[in-house]
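For reference, the structure discussed in these notes is given below.
Computed from the coordinates by the stated procedures, all read-outs in this text should not be read as laboratory data. Note that the structure is predicted; figures quoted are calculated from it, not measured. Backbone-built Cβ (ideal geometry, glycine too); neighbour counts: all protein chains shown.
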Amino acid sequence: MASIDALSAKPERTLAQSRAGVRVWLFALAGLVFAMVLVGGATRLTESGLSITQWKPVTGVLPPLSAADWQAEFDRYKQIPQYAELNPDMTLDGFKTIFWWEWSHRLLARIVGLVYILPALWFWARGAFKGALGRQIAFATALLALEPIVGWWMVSSGLSERTEVAQERLALHLLIAAGVFGTLIYAAVGLSERKRAACRRGFATAGAVFAILVYVQLGLGALVAGLRSGLIYNTWPLMGPSFLPAEAFNAGDAPLNDPATAQFDHRLVAYAVLAFALAQALAALRPGPRPLARRAVALAAVASLQVALGVATLLFLAPVPLALAHQAVALVLFGLAAAHWSATRGESG
């Protein structure tokens, strides 16, 4: 009898070990995506994204290795409008600075691909991707496959008639990366083996709505960055003399091409995110599961910090350190929201 019990326990231990391995892989991969997005943000803020004018998925991993290679790369950059209109006095050393930002961003993207593909194939061969986890991995795979294509589509928009990339393509590029990041965290938290206390189903719905709201705000933030909307109406809580500036919503395709509308929308959704987070925390603090309350309070605290960083970034004319901190905390907030959604869904199920 004991031997039969031991045999039945062995598959359970193997399954638990497999789940633990997948969970560690997912969290590690999410960390790499987080780093890639931050370097991408720095690339945008330093106007470095157009420094590499060619897309070489394999050979592009190597940077210029000689003085002649550097000069050839610089000569290619000189042929695009950004150099002629914004950087006509740039030296080779100055070019190297922006080149390294973009190269680092692309290198991180390649690392993410390797860290994703190889372990994924190994886990898949062992039958680790089944049910909901399998669907989540398939979704993340589709997004990751799309990301470099959209990335080059974004870069190509700034190589002929513009001095920067198209803001709507920038937003899409960020949203795909954030979608991968959130999916990885959602899946990893869903594999947790800790004992969970049951909570009301309404909190799972609220968790989903909050995560989606933060996701929308990420896209609006990318539009603000792409349109340089943070360099106008550097006052708060009003935009100049009024709550709604006169020129907002006058463009037919606003906010995609209208800086004032983009900033106004970004402000409004920020207020909605903060109000939602505070209301969710207050509701969770009533008698109920402590893990739920801790997560909700953490979300409210990070949302408050994010709004404060956003106001400071605006008032100080978007300096690079503040703008990067604002983007980093936004991604942290979204990651926490995805984790909260996954955990709360499990608790209510």
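Quick look at the values:
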| quantity | calculated |
| --- | --- |
| Nearest-20 debye value, the stretch 197-349 charge dipole, Cβ charges on Lys, Arg, Asp, Glu | 780 |
| Crossing angle, helix 201-226 versus the chain [Cα axis fit, 0-90 degrees, rounded to tens] | 20 |
| Between the stretch 268-317 and the stretch 172-192, the alpha-carbon center distance in angstrom | 20 |
| Proximal charge balance of residue 60 [Cβ under 10 Å; K/R count +1, D/E count -1] | +3 |
| Where labels lie 7 Å past Cα in the beta-carbon direction, separation of residue 228 and residue 192 in nm | 4.4 |
| Acute angle (nearest 10 degrees) that the helix 167-190 long axis makes with the longest principal axis of the chain, alpha-carbon atoms | 20 |
| Nitroxide proxy distance, nm - points 7 Å out along Cα→Cβ at residue 91 and residue 301 | 4.7 |
| Relative contact order (%) - the stretch 197-349, alpha-carbon pairs under 8 angstrom, separation at least six | 38 |
| Sequence ranges 45-51, 331-337, 267-273, ranked by mean other-Cβ count within 10 angstrom, highest first | 331-337, 45-51, 267-273 |
| Ranked packing of 318-324, 289-295, most packed first, by mean Cβ within 10 Å | 289-295, 318-324 |
| Residue 156 versus residue 46: modelled label distance in nm, points set 7 Å from Cα along the beta carbon direction | 2.7 |
| Among 83, 66, 107 - extreme Cα towards positive end, dipole of the stretch 4-146, charges at beta-carbon | 107 |
| Using alpha carbons only: equivalent-ellipsoid semi-axes of the stretch 1-193, gyration tensor based, whole Å | 43, 16, 12 |
| Dipole axis of the stretch 128-195 (+1 Lys, Arg; -1 Asp, Glu on Cβ), positive-most option in 176, 157, 137 | 137 |
| Positive dipole terminus of the stretch 256-349, leading residue within 330, 344, 304 (C-beta point charges) | 344 |
| Percent RCO, i.e. relative contact order, over the chain, from Cα pairs under 8 Å lying at least 6 residues apart | 21 |
| Cα centre as origin, Lys/Arg/Asp/Glu Cβ charges: the stretch 1-193 dipole, Debye | 860 |
| Cα point-scatterer Debye curve for the chain, base-10 log of I(q)/I(0) at q = 0.07, 0.13 Å⁻¹ | -0.36, -1.07 |
| Relative contact order of the stretch 21-147, pairs being alpha-carbon contacts under 8 Å that are 6 or more residues apart, as % | 38 |
| Degrees between helix 67-77 axis and first principal axis of the chain (Cα, 0 to 90, nearest 10) | 80 |
| Using a Förster distance of 51 Å, the FRET efficiency for residue 272-residue 75 (Cβ separation, nearest 0.05) | 0.60 |
| Inter-part distance where the stretch 229-251 and the stretch 78-127 are each reduced to a Cα centre, Å | 34 |
| Within the chain: Cβ-based charge dipole about Cα centre, in debye rounded to nearest 20 (Lys, Arg +1; Asp, Glu -1) | 1980 |
